[in-house]
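First up is the structure itself, then whatever we jot down about it.
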Amino acid sequence: MLGYHIPSRESVLEALKEVLGRRRVVSSQRELKGLLDRAMARHGKFRVSGPRARRIAFESGLVDMEIECRETHELKSMFKCPVCSHRLKLVKNMTVFGGTVTLGYKCPHCPYWTGLKRRVPTRYIFTRVTP
Ligand SMILES: [Zn+2]
């Protein structure tokens, strides 16, 4: 991080609004990060990390976030959302025998969900909420 500053949340939000003024869709987290860094470059050498850019963008309410995932063969219990760190909710369904079976997990905060075969996020697509 030598020679670079970590921007405040407000600076990132300001840059995000500027980017969304020109772009309706940003098709990856890396692209979002690059656009935000460029928008902030006018004010100094700022760098926002990809995951932080994604979090701030999602929580701003200014974009819809779509999450593309690949499915792994890893069968594992999950507690925390890999996207936003919120606690995941179990999604269960009744079986024909009257018991319950665990189907997967769903994040109550963001669009992430997974079956028992864990889904790993591979791409984020951000679409401006206002037309
Ligand atoms: Zn989440």
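The values are calculated or read from the model by the stated rules, or taken from the named source; none is laboratory data. Treat the numbers as computed from the prediction; the structure is a model and nothing was measured. Positions of Cβ are backbone-derived with ideal geometry, glycine not excepted, and every protein chain shown enters the neighbour counts. For the accessible areas, the whole protein counts, side chains as well, though only heavy atoms, and no ligand, DNA or RNA atoms are used. Shrake-Rupley method; radii C 1.70, N 1.55, O 1.52, S 1.80 Å.
Remarks
- Under 13 Å, Cβ to Cβ, from Gly61 - net charge with Lys/Arg +1 and Asp/Glu -1: +1
- Across the chain, C-alpha contacts under 8 Å between residues 6 or more apart give a mean separation that, scaled by the residue count, equals a relative contact order of 29 percent.
- Too-long pairs where the Cα-Cα distance tops 24 Å, listed order kept, from Lys33/Lys89; Lys92/Lys117; Lys80/Lys117; Lys89/Lys117: Lys33/Lys89
- Note on the chain: Kirkwood hydrodynamic radius from all Cα pairs is 16.3 Å, rounded to one decimal.
- Taking every protein chain into account, the accessible area of the chain amounts to 64 square angstrom per residue (probe 1.4 Å).
- Size of the range 24-86: Rg and Dmax of its alpha carbons, in Å, are 14.4, 47.
- Exposure ranking of His109, His43 by accessible area [1.4 Å probe, largest first]: His43, His109
- Of all accessible heavy-atom area on the chain, the percent that carbon and sulfur account for (1.4 Å): 54
- Max mean-square fluctuation residue, GNM over the chain, Cα-Cα springs under 10 Å, options Arg23, Arg87, Arg42: Arg42
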